[in-house]
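Asker: One structure coming up, written as structure tokens, with questions to follow.
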Amino acid sequence: MRILQISSARELGGGETLVLALVTALRARGHAVLVAGRSKSPLDPAIKLPFMNSADFWTALRLRVCLKKEPFDIVHAHVARDYTVVAAAAWGIPNLKVVFTRHLLHPVRAHLLYRRVDGWIAPTSQILKTLEPLSPKISAVIPNWVDVEKIQYRPHPLHNPVTIGILGQISPHKGHDDAIQAMSELGEGFRLCIAGTGDPKYMDGLKKKSAGLQVEFLGFVSTPDFFEAVDVLIVPSWEEPFGIVLLEAMAAGIPVIATNRGGPVDIILTALDGMLIPPRNPRALADAIRLLAVDPDRRSNIARHARAHIEENFDVRRVVPRIEHFYRRVMMSSTP
């Protein structure tokens, strides 16, 4: 297949890392893959376009010229603001199939141009449900992924104090306030390490709230080093669209606790994968941390089973063939 991956990303984040991995994996499977993006994109696109906003029809016209010139089978967009631009560019071009991946939990605003979309991919069942009002021609749940071979499985004994970790964007909806409140419930013998960056005002508020508690703010960290330093990873988000950090921790042998909203529900399927708790419930979070801290057998079983679960269901070598199959399914469809 000849495939064009499209992303207007300005910086290299989790979604962009996924696009790069997808491009590499598809090329390894024998497909001709190009990338379209901004001129200074970290994706190093072969096709460079402005991608100013979702109504940038100058970019749509330039992209349309490229799509008419190159005999692509699939054009696949990954960023919501690119949807209308890509759909407009592809309108009326025969034998070209348009695929969008939706990464957000809030519903897509309906648009006439989405009649041109041949297939929608949702990383979770919850996101797929938000697409129902669009009446997709073809849709499927295909999760995000990690390269398990690049993640060393290194379960380890508990540190003293027991070290709890949060890794990622620091913002209110990620539940850092709840994590700090849980630390006050846990008392001595536990330490919380918060890695990542966020709004300075919000972070200052968190630091004041954590005064007198064993809470450390680490800033940017190496993920492998972070997993070696923590005993449990928590994702206390109010609602998490997916949660790639869960995949990474589970593959590394770190037990995880996450809220039962959004992506974690599709990742932590059984009690042997990790623990799910209600969001905005510091007491439930503290109780779950205690349960893992006092039960080495449970931690060991979770670490072993979770690694196998990620290898089987979320490794790039398992997931990319599902995307390839989705492309072929879309190409076989007779929808205009």
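Nothing in this text is a laboratory measurement; each read-out follows from the coordinates by a stated rule. As the structure is a computational prediction, the values presented were derived from the model and not from experiment. As a convention, Cβ positions derive from the backbone with ideal geometry for all residues, glycine included, and neighbour counts pool all protein chains shown.
Asker: Quick check for me: using +1 on Lys/Arg Cβ and -1 on Asp/Glu Cβ, what's the dipole size of region 148-313 about its Cα centre, in debye to the nearest 20? Mind dumping the intermediate values first?
Answerer: Numbers: 16 positive and 21 negative charges, 64 e Å.
That gives region 148-313 a dipole magnitude of about 300 debye.
Asker: Can I ask one more? Pull up the DSSP beta bridges for the chain and report the antiparallel fraction as a percent, rounded to 5.
Answerer: On the way: 0 of 42 bridges.
In the chain, DSSP labels about 0 percent of beta bridges as antiparallel.
Asker: Find how much the distance from R81 to K69 grows on full extension, using 0.36 nm per residue of separation minus their present alpha carbon separation; answer in nm with one decimal.
Answerer: Details: separation 12, 0.36 × 12 = 4.32 nm, distance 2.40 nm.
In short, 1.9 nm is gained.
Asker: What lysines sit close enough to K208 to cross-link, taking a C-alpha to C-alpha distance under 23 Å and skipping anything fewer than 8 places away on the same chain?
Answerer: Of all the lysines, those that pass the test against K208 - Cα under 23 Å, at least 8 places apart if same chain - are K174.
Asker: Check every DSSP H run in the chain and write down those whose alpha carbon atoms cover 20 angstrom or more along the long axis and whose mean Kyte-Doolittle hydropathy is 1.0 or greater.
Answerer: Working: long enough: 14-28 (21 Å, 1.25); 296-313 (25 Å, -1.66); 316-332 (24 Å, -0.25).
Going by DSSP H runs, the hits are 14-28.
Asker: Starting from the Kirkwood radius over alpha-carbon pairs of region 148-313, derive D by Stokes-Einstein at 37 °C in a medium of 0.692 mPa s and give it in µm² s⁻¹. Walk me through the intermediate numbers first.
Answerer: Values: Rh = 15.5 Å.
Approximately 211 µm²/s, per Stokes-Einstein.
Asker: Moving on. Given Cα pairs under 8 Å that are at least 6 residues apart, what percent is the relative contact order of region 148-313?
Answerer: Values: 307 pairs, mean separation 43.6, N = 166.
Normalised by residue count, the contact order of region 148-313 is 26 percent.
Asker: Amide H of L218: which non-local residues (sequence gap of 5 or more, or other chain) have their own amide H closer than 5 Å, using H built in the peptide plane?
Answerer: When sequence neighbours closer than 5 places are left aside, the close amide H contacts are I194, A195, G196.
Asker: If you don't mind, there's one more thing I want to ask. So if I take the centroid of the Cα atoms in region 67-114 and the same for region 145-208, what is the distance between those two points in Å?
Answerer: 37 Å
Asker: May I ask you to derive the relative contact order of the chain, considering only C-alpha pairs under 8 Å and at least 6 residues apart, and to give it as an integer percent?
Answerer: 15 percent
Asker: Can you work out the Karplus-derived ³J(HN,Hα) for every residue in region 102-118? Use 6.51 cos²θ - 1.76 cosθ + 1.60 with θ = phi - 60°, whole Hz, and x for glycine or proline.
Answerer: Those phi angles translate into 9, 9, 9, 7, 6, x, 6, 6, 4, 8, 4, 5, 5, 5, 7, 7, 8 Hz.
Asker: Right, another one. Tell me which label goes with the value of Rg and Dmax of the Cα atoms in Å computed from the coordinates here: (1) 21.4, 66; (2) 19.6, 63; (3) 20.5, 63.
Answerer: Calculated Rg and Dmax of the Cα atoms in Å: the matching label is (1).
Asker: Does region 70-163 come out rounded, prolate or oblate by the C-alpha gyration tensor, with a ≥ b ≥ c the root eigenvalues, rounded set by a/c under 1.5 and, if not, prolate when a/b is larger than b/c and oblate if not?
Answerer: Working: a/c = 3.32, a/b = 2.14, b/c = 1.55.
Prolate, since a/c reaches 1.5 and a/b exceeds b/c.
Asker: Between their Cα atoms, which of K40/K69; K40/K137; K40/K68 are more than 28 Å away from each other?
Answerer: Too far apart for the 28 Å limit: K40/K137.
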